[in-house]
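Chemist: This is the structure I have questions about; it appears just below.
The values are calculated or read from the model by the stated rules, or taken from the named source; none is laboratory data. Remember, it's a predicted structure, so these values are computed and weren't measured experimentally. Glycine also receives a Cβ, built like all others from the backbone with ideal geometry; neighbour counts cover every protein chain displayed. The area values use the complete protein model at the heavy-atom level, side chains included, leaving out ligands, DNA and RNA. Shrake-Rupley method; radii C 1.70, N 1.55, O 1.52, S 1.80 Å.
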Amino acid sequence: MQTGLYFGSFNPMHIGHLALANYLTEHTSIRQLWFIPSPINPLKNSRELLPYELRCRLIEQAVRGDHRFRVLRIESTLPAPHYTVRTLRALSMLHPDQLFTLLIGADNWLSFDRWQDHQRLLDHYPLTIYPRLGYKIDEASLPSSCHYVLEAPRIEISSTAIRSGILQGRDLRYWLPQPDTYNVIAAALRDCAKR
């Protein structure tokens, strides 16, 4: 049994995140899946980043009562920059009994060689790669530590589209795991836009 580590901004979490998490725990050897929200993503505009605690709380509300899922705030306790390899090292020390697998999208796999200590990640942790629309993976060229889950759902809802739509006044509440959080997210986005 493996514990999948699902890193991301989750800005905000949407139904696509949950559909993928559900699929992976039902159709692969992953039995536990831990969401690891990133406090800051250097590749994204921080003016659009919802407060970290709000993002964590929204994920916790979405997965409450499901024993398969857990939210870890570990990156908020680690020094920046938040490289995946550092977080995995810390998690391995804190949870030596767990067999971790790193979950990444096909888009991230195609740039994986630019990740900090990417070879160390490949040498020490299995990777589960899920499909993303518009990104093709040559399964034959994958290292033996990588597993491509071709059949995983491709729900092409993005947090970017949700943020943009909400700021434009669109009703996208059913793209969220909990439609009643729409107003909270909308208010937080308006605050972010004022920064």
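Chemist: Sort 47-58, 150-161 for me by packing, meaning the mean count of neighbouring Cβ atoms within 10 Å per residue, highest on top. Intermediate values should be presented prior to the final figure.
Modeler: Numbers: 47-58: 17.2, 150-161: 14.4.
Answer by packing, highest mean first, reads 47-58, 150-161.
Chemist: Which value at 222 nm does the chain reach when only helices count, each DSSP H run of 4 or more adding -39,500 (n - 2.57), with the total divided by all residues and rounded to the nearest 500 deg cm²/dmol? Before the final figure, lay out each step's value.
Modeler: Numbers: 7 runs with 68 residues, N = 195.
Value at 222 nm, helices only: -10000 deg cm²/dmol.
Chemist: In the range 1-83, what % of DSSP beta bridges are antiparallel (nearest 5)?
Modeler: Numbers: 0 of 10 bridges.
Of those bridges, close to 0 percent are antiparallel.
Chemist: Hey, can you find the accessible area per residue of the chain for me, probe 1.4 Å, expressed in square angstrom? Don't skip to the answer; put the middle values down first.
Modeler: Working: 10380 Å² over 195 residues.
In whole numbers, the chain has 53 Å² accessible per residue.
Chemist: Per residue of the range 183-195, what does 6.51 cos²θ - 1.76 cosθ + 1.60 with θ = phi - 60° give for ³J(HN,Hα)? Whole Hz please, x for Gly and Pro, Karplus curve as stated.
Modeler: Ordered by residue, 3J(HN,Hα) equals 5, 5, 5, 4, 5, 5, 5, 5, 5, 4, 5, 7, 4 Hz.
Chemist: Taking mean projected area of the Cα convex hull in nm² as the quantity of interest, determine which of (1) 10.2; (2) 13.6; (3) 11.1 was computed from the displayed structure.
Modeler: Read-out from the structure maps to (3).
Chemist: A further question follows. How large is the Kirkwood hydrodynamic radius of the range 1-63, counting all unique pairs of alpha carbons, in Å? Let's see the in-between values first.
Modeler: Working: mean 1/r = 0.0805 Å⁻¹.
For the range 1-63, the Kirkwood estimate is 12.4 Å.
Chemist: What order do you get for 138-145, 178-185 when each peptide is scored by the mean count of other beta carbon atoms within 10 Å, highest first?
Modeler: On the way: 138-145: 9.4, 178-185: 15.4.
Peptide ranking by packing, descending: 178-185, 138-145.
Chemist: Express the carbon and sulfur contribution to the solvent-accessible surface of the range 50-127 as a percent, rounded to the nearest whole number, probe 1.4 angstrom. Write out the running numbers ahead of the final one.
Modeler: Numbers: 2060 of 4130 Å².
Carbon-and-sulfur percentage of accessible area, whole number: 50.
Chemist: Using Cα pairs under 8 angstrom and six or more residues apart, how large is the relative contact order of the chain, in percent?
Modeler: On the way: 268 pairs, mean separation 52.4, N = 195.
Once divided by the residue count of the chain, the mean separation gives 27 percent.
Chemist: Related question: What are the principal axis extents of the Cα atoms in the range 44-94, in Å, biggest first?
Modeler: 33, 30, 15
Chemist: Based on DSSP, what percent of beta bridges with both residues in the range 43-148 are antiparallel, to the nearest 5? List each step's numbers first, then the result.
Modeler: On the way: 1 of 8 bridges.
Antiparallel bridges make up about 10 percent of those DSSP assigns within the range 43-148.
Chemist: Kindly write out, for the range 26-34 in residue order, the coupling ³J(HN,Hα) from the Karplus curve 6.51 cos²θ - 1.76 cosθ + 1.60 (θ = phi - 60°), rounded to whole Hz, with x marking Gly and Pro.
Modeler: Whole-Hz 3J(HN,Hα) from phi for the range 26-34: 9, 10, 10, 7, 6, 10, 10, 9, 10.
Chemist: To continue, here is another question. Tabulate in residue order the Karplus-calculated ³J(HN,Hα) for the range 124-133, using 6.51 cos²θ - 1.76 cosθ + 1.60 with θ = phi - 60°, rounded to whole Hz; enter x for Gly and Pro.
Modeler: Result, rounded to whole Hz: 10, 9, x, 10, 10, 9, 10, x, 10, 4.
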